[in-house]
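Since the structure comes first, as structure tokens, the remarks are kept for the end.
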């Protein structure tokens, strides 16, 4: 009798502990939804389509979707545009093509708050083509150039918004297994990346929590922003032992440059920083920028390292990014990028 009673007490304690934990989780989720401006990182499933440009994924054409809580609209090319369109300017002979991934796409923001939307306002006489697609990396940018440009002679300038994880298999493995790359990594995420690449259950759990739990994003963001974990992990993509892979993946950018030079189209790469780099001045954390600038100098590719532009602002670094997000820009962050592009165009006399 005493033994059974003891078992019953243990069961009740276990159930009580589970209940309290669930209660705390629900309470935390509720507080995050009420008191933070976190966006769930969910994108409408049908927005991304196969073979959008060559063998790269693309955005569905003439489509309305939700991405990170914001409504997004695409045009006949699958490019993000305002709700009422934005690329159809009559009698306009000049256009700018923007290449980018989720940062250039402007997840979590209204189109008017993205770099493309801000450019539409700053230079209304010029068409702005925003070809950015969530999950893109160097391989995909070349596909866009080779598929889109031959049919659009109005494109007079091309900008690539280069995110530091554009070499990372983690940013693409959710979309196209054929484009995964093998990187030798050290650090916190080594086992996680390996497991995600092999374990579909972990991948589904991560995607589900990102899509539905603001509390999950809050804690992940606190960890990532507080320790710079995403940056530290991505640094390995630019290490000396991964040099061959770095050069292999950056050849796509060099090919774009050669292609555009033959057409006399100016091409500029804007290297975008992570939030952690703006808070710290540790040169060890600037390895990606150092490797990229060396490559661009060697290849004769015009580039702009945006770090100093952000650091020179009096705005707190976290305000340049979405809430608890170490990589995706807020409207303020996109304003910096827009100013960089407008100034670059003016300096070039275009």
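The values are calculated or read from the model by the stated rules, or taken from the named source; none is laboratory data. All figures in this text were calculated on a predicted structure; none of them were measured in a lab. Virtual Cβ from ideal backbone geometry, glycine too; neighbours counted across all protein chains shown.
Points worth noting:
- Residue in the stretch 249-257 that is at pLDDT 85 or above, farther than 14 Å from residue 162 by Cβ, in a helix (DSSP H, G or I) and under 17 Å from the mean Cα position of the chain (by Cα) present: no
- Qualifying residues in the stretch 111-148 (those that are part of a loop (DSSP other than H, G, I, E, B) and surrounded by fewer than 19 Cβ atoms within 10 Å (Cβ to Cβ)) - the one farthest from the chain's Cα centre (by Cα): 125
- Residues of the stretch 259-278 that turn out to be free of Cβ contacts under 8 Å to residues at least 40 places away in the same chain and either farther than 20 Å from residue 98 by Cβ or part of a loop (DSSP other than H, G, I, E, B) (or both), as a count: 2
- Candidate set from the stretch 64-76 (those that are modelled with pLDDT of 90 or more and surrounded by fewer than 16 Cβ atoms within 10 Å (Cβ to Cβ)); member that is farthest from residue 325 (Cα to Cα): 76
- Residue match in the stretch 153-170 (condition: part of a helix (DSSP H, G or I), assigned by TED's automatic domain parsing to the domain that holds residue 241 and at pLDDT 60 or above): no
- Meets criteria (out of contact with any strand residue (DSSP E or B) (no Cβ under 6 Å at 6 or more places or on another chain), in contact (Cβ under 8 Å) with a residue 24 or more places away in the chain and surrounded by 19 or more Cβ atoms within 10 Å (Cβ to Cβ)) for residue 79: no
- Unmet criterion (only one of (1) in contact (Cβ under 8 Å) with a residue 24 or more places away in the chain; (2) exposed (fewer than 15 other Cβ atoms within 10 Å of the Cβ); (3) over 25 Å from residue 123 (Cα atoms)) for residue 348: (3)
- Of all residues in the stretch 28-61 being at pLDDT 75 or above and exposed (fewer than 12 other Cβ atoms within 10 Å of the Cβ), the one that is nearest to residue 142 (Cα to Cα): 51
- Within the stretch 319-331, the set of residues being over 16 Å from the mean Cα position of the chain (by Cα) and either surrounded by 16 or more Cβ atoms within 10 Å (Cβ to Cβ) or not assigned by TED's automatic domain parsing to the domain that holds residue 124 (or both) is empty.
- Where residue 305 falls short, out of the listed (1) free of Cβ contacts under 8 Å to residues at least 60 places away in the same chain; (2) out of contact with any helix residue (DSSP H, G or I) (no Cβ under 9 Å at 6 or more places or on another chain): (2)
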